[in-house]
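Colleague: One structure is given below, represented as structure tokens, and several questions about it will come after.
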Amino acid sequence: MLRGAALRVTRPRLAVLAAVHDHPHAETESIIGVVRTELGDVSTQAVYDVLRALTDAGLVRRIEPAGSVARYESRVADNHHHVVCRSCGAVADVDCAVGHTPCLTASGDHGYSIDEAEVTYWGLCPTCSTPHSI
Ligand SMILES: [Zn+2]
Ligand SMILES: [Zn+2]
């Protein structure tokens with residue numbers, strides 16, 4: 001994947017990519033934790049830099065639901081959406097409603113050439129919406 005994106009293959013890049021792949025929608029702090037287990041001492045800045053490079057190269061997608069920290073995932077370029085729990089912040093993937101990215105057909109495009117639509121559904125996850133689950 002790295003070579004395909006013309007990125008040099010380095011151990012931090014491999015470790016960050018694997019961490020994002022194994023932990024979809026993980027936030028930076030948990031990615032740093034996973035990478036450190038793998039590589040030992042890696043600076044926070046290094047992980048931030050790698051995440052930015054991977055995001056710029058399109059290998060990783062960065063999402064940032066309102067009120068949440070940035071989260072990363074390796075499922076890119078399929079225009080999927082997210083459902084976010086208002087209570088605990090859990091995030092899950094939602095495939096595009098009909099599968100043909102109908103959401104890209106905006107009712108009015110104002111002359112823009114649109115190539116992406118980002119939809120966030122908000123609600124309560126099963127754990128948070130079940131009564132007496134404390
Ligand atoms: Zn929840
Ligand atoms: Zn996702």
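The values are calculated or read from the model by the stated rules, or taken from the named source; none is laboratory data. For clarity, every value in this text was computed on a predicted model and none was experimentally measured. Note: ideal-geometry Cβ built from the backbone for every residue, glycine included; neighbour counts use all protein chains shown. Surface accessibility is based on the protein's heavy atoms, side chains included, excluding ligands, DNA and RNA. Shrake-Rupley method; radii C 1.70, N 1.55, O 1.52, S 1.80 Å.
Colleague: Under 5 Å between amide hydrogens, which residues at least 5 positions from V119 or on another chain qualify, with H placed 1.01 Å from N in the peptide plane?
Modeller: It is H82, by chain and number.
Colleague: Okay, moving on. So, with +1 on the Cβ of K and R and -1 on the Cβ of D and E, and no other charges, what is the size of the charge dipole of the chain about its Cα centre, to the nearest 20 debye?
Modeller: With only Lys, Arg, Asp and Glu charged at Cβ, the dipole is about 340 debye.
Colleague: Here's another thing I want to ask about it. In whole percent, what relative contact order does the chain give with Cα contacts below 8 Å and a gap of six or more residues?
Modeller: So the answer I get is 20 percent.
Colleague: Quick one: Karplus J couplings for region 39-44, per residue in order, coefficients 6.51, -1.76, 1.60, θ = phi - 60°, nearest Hz, x for Gly and Pro?
Modeller: For region 39-44, the Karplus-derived couplings read 10, x, 7, 10, 6, 4 Hz, x marking Gly and Pro.
Colleague: Moving on to the next point. Scaled to the compact-protein estimate 2.2 N^0.38 Å, what is the alpha-carbon radius of gyration of region 18-59, rounded to two decimal places?
Modeller: Taking N as the residue count of region 18-59, the ratio is 1.07.
Colleague: Separate question: Which parts of region 47-79 would a label at H21 reach, counting a residue when its backbone N lies under 18 Å from a point 7 Å out along Cα-to-Cβ?
Modeller: 50-62, 72-78, by backbone N distance to the label point.
Colleague: So for the chain, what are the equivalent ellipsoid semi-axes in whole Å, largest first, each being the square root of 5 times an eigenvalue of the Cα gyration tensor?
Modeller: Semi-axes, largest first: 28, 23, 11 Å.
Colleague: Helix-only mean residue ellipticity at 222 nm, the chain, DSSP H runs n ≥ 4 weighted -39,500 (n - 2.57), per residue, nearest 500. What is it?
Modeller: -9000 deg cm²/dmol
Colleague: Can you give me the solvent accessible area of T44 with a 1.4 Å probe, rounded to the nearest 10 Å²?
Modeller: So the heavy atoms of T44 present about 60 Å² to solvent.
Colleague: Using a 1.4 Å probe on the protein heavy atoms only, what accessible surface does D22 show? Give it in Å² to the nearest 10.
Modeller: D22 exposes around 100 Å² with every protein chain in place.
Colleague: Then there is this: Of H23, P12, G67, which is farthest on the positive side of the dipole of the chain, counting Cα position, with +1 on Lys and Arg Cβ, -1 on Asp and Glu Cβ, and the Cα centre as origin?
Modeller: P12
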